[in-house]
Amino acid sequence: MSPLDRAAVDALFPAGLPEVGHWQRRYPPRPLPEGAQVTRVSPSPTGHAHIGSVYVAMIDADVARHSGGTYFVRVEDTDRLREVEGAAAQFDRVFSVFGVSPDETDPDGAYGPYTQSARSPVYLSHVRELLRLNKAYPCFATRDELAANAAAQRAAKVPTGYYGRWAIWRDAPAERVGEYLAAGRPYVVRFRSPASPGDRIGYHDLIRGELEADANLNDAVILKSSDQHPRLPTYHFAHAVDDHLMGVTVVIRGDEWISSVPLHLQLFDALGFPHVGYAHIAPLMKMEGGSRRKLSKRKDPEASVDHYIQAGYPVEAVLYYLRGLANGRLAELPLAEALAAPILLEECGAAGPLVDMAKLDDISADFVATLPGEEILRRLAAWAADHDPDLAAVLDGDRDLALRALAVERDGVPNPRKDLRKWSDFRAAYGFFFPSLFERADDGDPRFGGLDPRLVRAMLDDLAERYRPHADPGRWFDQVRDLAARHGFAPTPKAHKADPGAYPGSIREASQVVRVALTGATRSPDLAAVAHALGAEEVVRRLRR
């Protein structure tokens, strides 16, 4: 066809729109050392943050920072119809929590704006240039025409799409295009694919090695309909323009984009831009039955980033776990070393790693066990202020008791307890220490092991009457041993088993009575340490009705 003349093309765009050279000068090459990588993560505010977003952002940030380069976040908000209110702000919050906030942002970053909807003039200049060069064209095809096209292609058993003879506006006469423009018909701008059937394209993926695919035949839409305001590009076109002008050297993204690479490389060529590097990350997976599937926000709570934040997993534990999923060697290093070591793209597998929450729990418990009580309390209080205000008030009201509770079987022992995996575990593991959170068991409660409630009450009253605090665990437990003897309990489980009718139980059952009375649970840390943390007055109060 004879392309639209320059005047007709320019009339489609705002007066005073800069030439593409203006944007090249506005965004000059970055002054970075040799080998430095520039990476970006590009969240779309069409949904809430997936843990996979943090996973990819972590790799992006690590690759850039270990090479002496730059990492930034570019919000891809060109799909305005599907935008979810608050989603962009959530990404900001999540990236901040997990230490992957960008190195440059609006308003001071030299390569901004960092939100695509604010970069409309940049894209319009480049779309206009492709139209001038006849590498793009206006397309007035209606939804009905496109649907009819697709139906005919399916009937003919050929691939669906807008290509070849099915690209009904590709070779339309300039006069007809002019008539439609003069009539104000809505149109999109399509890229004129240079490929022919049978063409192949090859490229090097920094994770997967050499890849080859059919060249893109589709005349993809690069600028959305003229009846939309603001006039925005599609993801594909914005990606090519922005990654070049913003100096990106390697695009690290999910492997669902592998099929788009042929189109993206064509766009780089059409625009006269050098190719960027690509590294396609395998998705996080989950076992379901005997098969693997992608981690799903709809099915899996652990797919949501807020699951980790609301549960109170320490950030270091989550990042250590994710780094181990990216590069298996990092999972073998101590946490501090793994967090400092570089993530290597060539060590990222092509098969999606499995997310195992039990493994994360173990990692998190090990990490928390290394923290001093003061640090645990600081982190716990900060989490509770946002997610458990009642607990925050309790901690604030009795800080000393909280530190005594955290010291039980933790301070000064070779193998500290590991029942605190995340901050939301605190109520279940330590809540009984606090009078306002403690729930007393009735004398007939089944946790007392089926003992006669009158015996339970007699034992607790007896111990309350005679109770003496002792710092030495052995001397403290002598009180329980004496209590058991006074109320007819066997001195050992073996003696009780030999003559069960002679005793209500053994020293074990007697100890359980005291344990349940003081903690409300049948399992707890060392009773002597618990009693010492509670203090004599609180112990006696709990023993009495």
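The values are calculated or read from the model by the stated rules, or taken from the named source; none is laboratory data. A quick note: this is a predicted structure, and the numbers were derived from the prediction, not measured. All Cβ positions, glycine included, derive from the backbone under ideal geometry; neighbour counts span all protein chains shown. For the accessible areas, the whole protein counts, side chains as well, though only heavy atoms, and no ligand, DNA or RNA atoms are used. Shrake-Rupley method; radii C 1.70, N 1.55, O 1.52, S 1.80 Å.
The angle between the Cα long axis of helix 473-486 and the main principal axis of the chain comes to about 60°, on a 0 to 90 degree scale.
Over the range 1-66, what number does the Rg to Rh ratio reach, with both radii from the alpha-carbon atoms and Rh per Kirkwood? Walk me through the numbers on the way to the answer.
Working: Rg = 19.6 Å, Rh = 16.4 Å.
Computed over Cα atoms, the ratio is 1.20.
With Cα atoms as the point set, the radius of gyration and Dmax of the range 1-154 evaluate to 19.6, 55 Å.
Computed with a 1.4 Å probe on the full set of protein chains, the accessible area for V516 sits at about 0 Å². Using only Cα atoms, tell me the angle between helix 120-132 and the longest principal axis of the chain; keep it within 0 to 90° and round to the nearest 10. That helix lies at roughly 30 degrees to the long axis. Under the rule a/c < 1.5 gives rounded, and otherwise a/b versus b/c splits prolate from oblate, where does the range 75-152 land using the Cα gyration tensor? Judged from the Cα gyration tensor, the range 75-152 comes out oblate (a/c at least 1.5, b/c at or above a/b).
Take the Cα gyration tensor of the range 252-364, multiply each eigenvalue by 5, square-root it, and list the three semi-axes largest first, rounded to whole angstrom. Could you put the intermediate results ahead of the total?
Numbers: eigenvalues 180, 69, 35 Å².
They are 30, 19, 13 Å, listed largest first.
Based on Cα contacts under 8 Å between residues 6+ apart, the range 109-249 shows a relative contact order of 27 percent. Per residue of the chain, the DSSP helices (runs of n ≥ 4 H) give a summed -39500 (n - 2.57) that works out to -12500 deg cm²/dmol at 222 nm.
Each Lys and Arg contributes +1 and each Asp and Glu -1, all at the Cβ; summed about the Cα centre of the range 358-444, the dipole is approximately 280 debye. D443 sits among other residues whose Cβ lies under 12 Å from its own Cβ, and their net charge, with Lys and Arg +1 and Asp and Glu -1, is +2.
Take peptides 52-62, 226-236, 528-538 and line them up by average Cβ neighbours within 10 Å, highest first, as a rough protection proxy. It would help to have the intermediate numbers written out before the result.
On the way: 52-62: 24.3, 226-236: 16.3, 528-538: 18.5.
Top of the packing list down: 52-62, 528-538, 226-236.
Among M459, M357, M287, the sequence by solvent-accessible area, most first, with a 1.4 Å probe is M287, M357, M459. Just check the range 190-259 against the gyration tensor rule for me: Cα atoms, a ≥ b ≥ c as the square roots of the eigenvalues, rounded for a/c under 1.5, and otherwise prolate or oblate depending on whether a/b exceeds b/c. Taking the square roots of the gyration eigenvalues as a ≥ b ≥ c, the range 190-259 is oblate.
Share of Cα-Cα pairs in the range 364-442 beyond 22 Å, in percent?
Numbers: 572 of 3081 pairs.
In whole percent, the share of Cα-Cα pairs in the range 364-442 beyond 22 Å is 19.
What FRET efficiency would be calculated for the residue pair R176, D199, taking the C-beta separation as r and a Förster radius of 30 Å, to the nearest 0.05?
Numbers: r = 29 Å, r/R0 = 0.97.
After rounding to 0.05, the efficiency reads 0.55.
Ranking R93, R154, R190 by solvent-accessible area of protein heavy atoms (1.4 Å probe, all protein chains present), from largest to smallest, gives R154, R93, R190.
More than 23 angstrom separation, counting every C-alpha pair in the range 321-425; what % is that?
Working: 2277 of 5460 pairs.
It works out to 42 percent of all Cα pairs.
For the chain, a crude dipole built from +1 on the beta carbon of Lys and Arg and -1 on the beta carbon of Asp and Glu, taken about the Cα centre, is about 940 debye to the nearest 20.
The length gained by stretching the chain between R417 and R93 to full extension, at 0.36 nm per residue less their Cα-Cα distance, is 113.4 nm.
Each distinct pair of alpha carbons in the range 403-513 adds a 1/r term; the inverse of their mean, the Kirkwood radius, is 16.2 Å.
Using Cα pairs closer than 8 Å and at least 6 residues apart in sequence, work out the relative contact order for the chain, in percent.
Numbers: 778 pairs, mean separation 60.1, N = 545.
Relative contact order here is 11 percent.
Toward the positive end of the charge dipole of the chain, with +1 on the Cβ of Lys and Arg and -1 on the Cβ of Asp and Glu, the farthest Cα among L325, A382, F489 is that of F489. Evaluating 6.51 cos²θ - 1.76 cosθ + 1.60 at θ = phi - 60° for every residue in the range 311-328, the Karplus couplings come out as 6, x, 5, x, 4, 4, 5, 5, 5, 4, 5, 5, 5, x, 5, 6, 10, x Hz, glycine and proline recorded as x.
To the nearest 10 degrees, how steeply does helix 357-369 sit against the main Cα axis of the chain, on a 0 to 90 scale? So the helix axis and the longest Cα principal axis differ by about 60 degrees. Model label points for E212 and R440, set 7 angstrom from Cα along the Cα-to-Cβ axis, are 8.1 nm apart.
Summarised as an ellipsoid, the range 24-113 has semi-axes of 24, 17, 10 Å, derived from the eigenvalues of the Cα gyration tensor scaled by 5 and square-rooted, with the largest first.
Across all C-alpha atoms in the chain, the radius of gyration and Dmax reach 33.3, 109 Å.
Report the local net charge at T249: Lys and Arg +1, Asp and Glu -1, summed over other residues whose C-beta lies under 11 Å from its C-beta.
Details: positive: R30, R40; negative: D243.
Computed value for this residue: +1.
What does the charge count around L360 come to, taking other residues whose C-beta lies under 14 Å from its C-beta (Lys +1, Arg +1, Asp -1, Glu -1)? That sum, taken over residues with Cβ under 14 Å, equals -2.
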